[in-house]
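The values are calculated or read from the model by the stated rules, or taken from the named source; none is laboratory data. Small disclaimer: the values here were computed from a predicted structure and weren't measured. Cβ: placed from backbone, ideal geometry, glycine included. Neighbour counts: every protein chain shown. Each accessible area value is taken on the protein alone, full model and side chains, heavy atoms only, with ligands, DNA and RNA left out. Shrake-Rupley method; radii C 1.70, N 1.55, O 1.52, S 1.80 Å.
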Amino acid sequence: MRRRQETRTAYLLLAPSLFGIGAFLVLPILVVAVLATQRWDLIGPRTFVGFDNVVAVAADGRFVRSLLITAGFVAIVIPAQTVLGLVAALLLNRGLRGSAAFRVLYVLPWICAPLALGVMWSWVLAPTDGALNALIGRRVEWLADPVLAMPSVAAVTVWTQVGYVALFFSAGLRAIPDTVHEAAMLDGASPWQRFWRITLPLLRPTTFFVLVTQIIATFQVFDSVYALTPDGGPQGVTDVVAGRIYYEAFEQRAVGQAAVMALVLFVLLVAVTVVQQRWFARRTTYDLST
């Protein structure tokens, strides 16, 4: 009898979380899965079409191209912002004068609206009266040149997210006991050896969290890319997959095909996350006391 009461109490305590997961995570996925089997233009009635939307998306080369563009975008952004965030965290954790102020400055871009930051950077990178061209003294088409558009958008994304990465690496560095480094120093380890053999391995839980959240966020990036290079940019070089889903749903009014694209992106992100989890699971320890 007592065990049943404890079980009932446990379910009551879990009810708010279960409701949140069901209403805001499972239900939207089910709705998108249903829309993927229908033809709908946002105005007229919906028509069941089975797998026609899947066939249409598979035959549409623009979606495959947007996936490849997004993969390239992720390959540029993730290494750059991870390394820069770690370097910033190492500098902040040295306890230098003004570190607290820099810690606030670093996270400001991350807490700002991405669309507003994209508009601001479109002004900075404008070819005629942009601040960057005025600074270097020559006209450069940063966002209109097919060669420069993707690196420019990637640089803005890195600048936006470095503070977020640095914030978590800084917390991870603070969690490493000083006694570990002190013991290594007594054994004659150099600063580079302590960083490579102690700091980096003990930061793996933080690295895992940062990589999972940032890879997902970068695959889903849309606001800032849309503000900087609307309609996929010059020659479609910045046609990221989230933008392709938006254009398909709200410009082409092909909601069913956009739903199929969203499901493909969902499955892709789950697969990438599972691979990361398995890779880090064998190499990560969460116990820093030993």
Of all residues in region 33-57, which are open to solvent by less than 30 Å² (accessible area, probe 1.4 Å) and free of Cβ contacts under 8 Å to residues at least 40 places away in the same chain?
44, 50
Among the residues of region 1-18, which ones are surrounded by 10 or more Cβ atoms within 10 Å (Cβ to Cβ) and within 26 Å of the chain's Cα centre (by Cα)?
18
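On the given criteria, is residue 60 of a type in the set (Asp, Glu) and open to solvent by 50 Å² or more (accessible area, probe 1.4 Å)?
On the way: of a type in the set (Asp, Glu): yes; open to solvent by 50 Å² or more (accessible area, probe 1.4 Å): no.
When the stated conditions are applied, residue 60 does not pass them.
Checking the condition at pLDDT below 90 and closer than 27 Å to residue 266 by Cα, which residue from 101, 36, 56, 113 passes? Walk me through it before giving the result.
On the way: 101 fails: closer than 27 Å to residue 266 by Cα; 36 fails: at pLDDT below 90; 56 fails: at pLDDT below 90.
Criteria check complete, one pass: 113.
Taking residue 8, is it of a type in the set (Lys, Arg), in a helix (DSSP H, G or I) and farther than 21 Å from residue 260 by Cα?
Details: of a type in the set (Lys, Arg): yes; in a helix (DSSP H, G or I): yes; farther than 21 Å from residue 260 by Cα: yes.
So residue 8 passes the test.
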Leading residue by the ranking (most open to solvent (accessible area, probe 1.4 Å)) among those in region 244-283 that are of a type in the set (Lys, Arg) and more than 18 Å from residue 37 (Cα to Cα):
282
When only residues in region 84-99 that are without any contact (Cβ under 8 Å) to a residue 60 or more places away in the chain and either in a helix (DSSP H, G or I) or within 16 Å of residue 194 (Cβ to Cβ) (or both) count, which is most open to solvent (accessible area, probe 1.4 Å)?
94
In region 25-80, the residues that are under 27 Å from residue 217 (Cβ atoms), among the aromatic types (Phe, Trp, Tyr) and not in a helix (DSSP H, G or I):
none
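Considering only region 244-261, state which residues are part of a helix (DSSP H, G or I) and either more than 30 Å from residue 50 (Cα to Cα) or of a type in the set (Lys, Arg) (or both).
Our first condition is that a residue be part of a helix (DSSP H, G or I); within region 244-261, this holds for 244-250, 255-261.
Matches in region 244-261: 244 only.
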Those helices (runs of 4 or more DSSP H) lying entirely in region 170-243 with at least 1 residues open to solvent by less than 40 Å² (accessible area, probe 1.4 Å):
178-186, 204-219, 223-228
